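For reference, the structure discussed in these notes is given below.
None of the figures in this text is laboratory data; all of them are computed from the coordinates on show. What you are looking at is a predicted structure, and each value in this text was computed from that prediction instead of being measured. Cβ sites come from the backbone with ideal geometry, for glycine too, and all protein chains shown count toward neighbours.
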Amino acid sequence: MRFGICLLLLLIGPARAEELVVHFHPRPPYAFLVDGQLSGLSGTPIAHALKRAGIAYAIQETPAARQLAMAKESKGAHCFVGWYRTHEREHFARFSRPVYRDQPNIVLFNAASVNAREIASLAQLLASTDLILLSKKGYSYGPAIDAMLAGSPAPRQDVTVENVQMIKMLHARRADYIF
């Protein structure tokens, strides 16, 4: 079942001619740079669409938390790659059509912390108070997981670092699992 949609978050400031800044944060396989070009499951279609439309743009690596803050400021011509459409975000942003439909999420476990074979379901995992979830502050994991997290007693450590650093934190036993 597909429950998540990666969307291009697009904000255009006041009517003035300025170059569009396309913001991304490295998130293989969704968005990353190859020879200075935006690539990945979300990045490549966005770059191709902008090129086909003749829209001049610059690519900028911007941390996810900063992207959300910029979107709320709504100043200038900015595009933010790979954000889920949520009710909260609809209040301050405009979304394009989906550029990529996610496959189901997976959970990565720290093998030293937990035996993943003992976890039979996501509901069981999120009911556990013995395992710490490492999650990205301000992120949406899709409507289904977000709803489960909202009512979950599971301990959670929210961070602002990028996904690669989150995997390193998991490996260093700073948490038990990540989405």
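A viscosity of 1.567 mPa s and a temperature of 4 °C, combined with the Kirkwood radius over Cα pairs in Stokes-Einstein, give a translational diffusion coefficient for segment 76-179 of 85 µm²/s. Computed per residue of the chain from DSSP H runs no shorter than four, each worth -39500 (n - 2.57), the mean residue ellipticity at 222 nm is -6500 deg cm²/dmol. For segment 123-169, the Stokes-Einstein estimate of translational diffusion at 25 °C and a viscosity of 0.890 mPa s comes to 217 µm²/s, using the Kirkwood hydrodynamic radius over alpha-carbon pairs. Taking the three principal axes of the alpha carbon atoms in the chain, the coordinate ranges are 55, 35, 28 Å, sorted in descending order. Between Phe109, Ser39, Val161, the Cα set farthest toward the positive side of the dipole of the chain (charges on each charged residue's Cβ, about the Cα centre) is that of Ser39. Relative to the longest principal axis of the Cα atoms of the chain, the long axis of helix 64-73 makes an angle of roughly 50 degrees. Summarising the strand pairing of the chain, around 55 percent of its internal DSSP beta bridges are antiparallel.
Where the only charges are on Cβ atoms (+1 Lys, Arg; -1 Asp, Glu), what is the dipole of the chain about its Cα centre, to the nearest 20 debye?
Numbers: 20 positive and 14 negative charges, 52 e Å.
I would put it at about 240 debye.
Given that compact globular proteins tend to follow 2.2 N^0.38 Å, what is the ratio of the alpha-carbon Rg of segment 85-136 to that value?
Values: Rg = 16.0 Å, N = 52, 2.2 N^0.38 = 9.9 Å.
The value comes to 1.62.
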